[in-house]
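Structure first, then comments.
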Amino acid sequence: MKRLLVTGGAGFIGSNWVRLALQRPDLERLVVLDKLTYAGNLANLAGLDADPRFRFVQGDIADTETVGRLLEHEPVDAIVNFAAESHVDRSVLDPSAFLRTNVHGVYVLLEACRAYGVGRFLQVSTDEVYGAVLVGRSTERDPLAPRSPYSAAKAAGDLLALSYHATYGLDVVVTRGANTIGPYQYPEKATPLFITNAIDGEPLPIYGDGKAIRDYLYVDDHCRAIALVLDAGQPGEVYNVGNDEEIDTLTLAEAILALLDRPRSLIRLVEDRPGHDRRYAVDSTKLRALGWRPERDFESTIAATVEWYRQNEAWWRPIRNGEFREFYQRLYGKRLGISE
Ligand code: NAD
Ligand code: DAU
């Protein structure tokens with residue numbers, strides 16, 4: 001895999017993955033295709049222009065011409081697809097962009113793989129496709145039962161990719177990762193939202209009773225898993241990526257407040273997310289058999305994440321002052337009793 005197209009590479013996980021991939025001396029070319037939606041940010045790729053192997057192209061994965069033109073000029077061995085609408089709460093407010101990018105966009109990329117002879121397609125999917133799992137752990141063979149427009153659209157893209165392996169013999173691999181946190185995550189997601197609110201002395205909105213469980217995974221651990229599956233995953237196979245930890249939202253918020261030396265009184269229990277999945281938990285035995293292990297536990301993951309946001313206010317402050325404000329008011333205005 002010497003020449004790569006990384007779609008959605010200007011987002012959170014994608015940009016961290018691009019930095020990791022560029023550390024490989026055998027890599028000859030890495031092209032990022034990203035639409036630069038509200039979540040895409042060239043600042044996430046700052047400094048990479050200096051590497052002659054790297055190129056950034058702004059464009060939409062759901063646009064056949066854009067993808068075709070790019071692959072005609074930049075033949076690649078593999079596409080690694082991070083591009084997606086990724087926030088559950090936005091999918092509740094308006095699902096349309098989720099269907100276009102997470103389903104139709106994947107279809108366009110798969111067709112392009114066939115048309116331009118791309119050797120491997122890696123679809124970055126999510127543990128949310130299994131739906132809420134109240135007991136036990138989801139294995140890759142479990143049926144999918146997504147419960148939000150976001151996760152339903154991701155499940156459709158994930159299954160469509162696998163269908164191209166069964167039907168057309170395309171070399172497809174899928175990863176289903178747990179809730180990922182770390183540097184460069186747009187501050188709409190719970191962890192960076194709680195950290196930046198806490199730094200600003202604003203309330204932390206906790207949905208429902210704060211007991212929903214997630215398995216928080218450090219972004220570098222997730223990125224190493226994706227790199228390993230790209231290199232060593234078997235065609236047509238799915239690999240779960242999880243840390244085997246169970247952290248509820250109140251515990252997450254309390255850990256952040258303690259690290260920032262802020263009072264527990266900033267916690268606000270607010271109206272729940274509609275269709276809020278109570279728990280996700282994946283079994284990642286299959287990936288571990290390829291040699292992957294997470295390097296960080298929850299304590300170290302949250303400490304490193306809080307520290308990055310503390311040190312990188314210049315990255316997140318302009319975001320909080322931009323489009324984010326309108327979104328925040330729309331989602332939390334009534335919940336937190338904040339008037340415009
Ligand atoms: P993100 O929202 O930070 O980034 C998404 C990127 O995709 C942005 O740069 C955006 O501009 C780009 N994009 C969106 N629509 C596009 C389009 N039509 N064409 C081209 N680019 C487009 O997302 P993230 O959190 O980094 O997630 C990346 C991938 O990983 C997603 O597929 C997501 O479903 C999956 N995932 C995320 C997590 C998590 O906890 N964040 C966990 C498991 C899986
Ligand atoms: O599990 C993988 C998924 O993790 C990815 O597929 C998604 O792209 C990613 O956004 C993430 O989804 P979650 O819904 O789990 O993450 P989020 O950060 O939005 O929420 C984490 C938990 O915190 C969840 O139980 C909802 C809760 N929450 C979230 C927000 C934004 C709150 O209590 N208050 C909030 O304001």
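The values are calculated or read from the model by the stated rules, or taken from the named source; none is laboratory data. All values reported here derive from a predicted model rather than from experimental measurement. Don't worry about glycine lacking a Cβ; one is built from the backbone with ideal geometry, like all the others, and counts go over all protein chains shown. All accessible areas refer to the heavy atoms of the entire protein, side chains included, with ligands and DNA or RNA removed. Shrake-Rupley method; radii C 1.70, N 1.55, O 1.52, S 1.80 Å.
Would you mind finding the one in Ala46, Ala115, Ala50 that is touching a residue at least 40 places away in the same chain (Cβ under 8 Å), more than 8 Å from ligand 1 (Cβ to nearest atom), farther than 27 Å from Asp277 by Cβ and surrounded by fewer than 22 Cβ atoms within 10 Å (Cβ to Cβ)? Before you say what the answer is, go through the steps one by one.
On the way: Ala46 fails: touching a residue at least 40 places away in the same chain (Cβ under 8 Å); Ala50 fails: touching a residue at least 40 places away in the same chain (Cβ under 8 Å).
Going through Ala46, Ala115, Ala50 in turn, just one is touching a residue at least 40 places away in the same chain (Cβ under 8 Å), more than 8 Å from ligand 1 (Cβ to nearest atom), farther than 27 Å from Asp277 by Cβ and surrounded by fewer than 22 Cβ atoms within 10 Å (Cβ to Cβ): Ala115.
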- Per-region count, segment 191-249, residues among the aromatic types (Phe, Trp, Tyr) and either surrounded by fewer than 17 Cβ atoms within 10 Å (Cβ to Cβ) or assigned to a helix (DSSP H, G or I) (or both): 1
- Message: It is to be established whether one or more residues within segment 174-183 are more than 28 Å from Glu271 (Cα to Cα), more than 10 Å from ligand 1 (Cβ to nearest atom), under 13 Å from the mean Cα position of the chain (by Cα) and open to solvent by less than 10 Å² (accessible area, probe 1.4 Å).
- Response: no
- In this structure, does Glu188 turn out to be more than 12 Å from ligand 2 (Cβ to nearest atom), outside any strand (DSSP E or B) and among the acidic types (Asp, Glu)? no
- Could you list, in sequence order, the residues of segment 2-23 that are surrounded by fewer than 16 Cβ atoms within 10 Å (Cβ to Cβ) and in contact (Cβ under 8 Å) with a residue 60 or more places away in the chain? Lys2, Leu20
- So which residues in segment 264-277 are in contact with a Gly (Cβ under 9 Å, 6 or more places away or on another chain) and of a type outside the set (A, V, I, L, M), if there are any at all? Glu271, Asp272, Arg273, His276, Asp277
- Note on the structure: Output for Cβ contacts, cut-off 8 Å, separation at least six or different chains, first residue under 19 Å from Leu36 (Cβ atoms) in segment 317-332, second in a helix (DSSP H, G or I) and open to solvent by less than 70 Å² (accessible area, probe 1.4 Å), reads Arg320/Thr196; Phe327/Arg90
- Message: Of everything in segment 263-291, what is part of a loop (DSSP other than H, G, I, E, B) and surrounded by fewer than 20 Cβ atoms within 10 Å (Cβ to Cβ)? Give them in sequence order.
- Response: Pro263, Glu271, Asp272, Arg273, Pro274, Gly275, His276, Arg278, Asp283, Ala289, Leu290, Gly291
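Here's the yes/no breakdown for (1) under 19 Å from the mean Cα position of the chain (by Cα); (2) of a type outside the set (Val, Ile, Thr):
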site: Arg69; (1), (2): no, yes
site: Glu72; (1), (2): no, yes
site: Asp77; (1), (2): no, yes
site: Asn81; (1), (2): yes, yes
site: Ser86; (1), (2): yes, yes
site: Asp89; (1), (2): yes, yes
site: Val92; (1), (2): yes, no
site: Ala97; (1), (2): yes, yes
site: Arg100; (1), (2): yes, yes
- Item | segment 147-170, residues that are open to solvent by 40 Å² or more (accessible area, probe 1.4 Å) and either touching a Lys or Arg at 6+ places or on another chain (Cβ under 7 Å) or within 11 Å of ligand 1 (Cβ to nearest atom) (or both) | Tyr168
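Determine whether segment 24-31 contains at least one residue that is surrounded by 19 or more Cβ atoms within 10 Å (Cβ to Cβ) and away from ligand 1 (no atom under 12 Å from the Cβ).
Taking segment 24-31 first, the residues surrounded by 19 or more Cβ atoms within 10 Å (Cβ to Cβ) are 30-31.
Now narrow it down to the ones that are away from ligand 1 (no atom under 12 Å from the Cβ): 30-31.
There is at least one residue in segment 24-31 that is surrounded by 19 or more Cβ atoms within 10 Å (Cβ to Cβ) and away from ligand 1 (no atom under 12 Å from the Cβ).
Just to be sure before I move on: is Leu259 in contact (Cβ under 8 Å) with a residue 24 or more places away in the chain and closer than 22 Å to Ala145 by Cβ in the structure I sent? Spell out the reasoning first.
Values: in contact (Cβ under 8 Å) with a residue 24 or more places away in the chain: yes; closer than 22 Å to Ala145 by Cβ: no.
Considered against the rule, which asks whether it is in contact (Cβ under 8 Å) with a residue 24 or more places away in the chain and closer than 22 Å to Ala145 by Cβ, Leu259 comes out as no.
Being surrounded by fewer than 16 Cβ atoms within 10 Å (Cβ to Cβ), in contact (Cβ under 8 Å) with a residue 40 or more places away in the chain and within 21 Å of Leu162 (Cβ to Cβ) is the requirement here; does Arg120 meet it?
Here the answer is no, as Arg120 does not meet what is asked.
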- Item | Where a residue in segment 31-42 is closer than 14 Å to Ala84 by Cα and its partner, wherever it lies, is more than 6 Å from ligand 1 (Cβ to nearest atom) and modelled with pLDDT under 95, with Cβ under 6 Å and at least six apart | Tyr38/Glu323
- If you check every pair at least six apart or on different chains, which have Cβ atoms under 6 Å apart with a residue in segment 76-103 that is part of a loop (DSSP other than H, G, I, E, B) first and a residue that is aromatic (Phe, Trp, Tyr) second? Glu85/Phe98
- Query: Can you find even one residue in segment 82-89 that is within 16 Å of ligand 2 (Cβ to nearest atom) and surrounded by fewer than 18 Cβ atoms within 10 Å (Cβ to Cβ)?
  - Reply: no
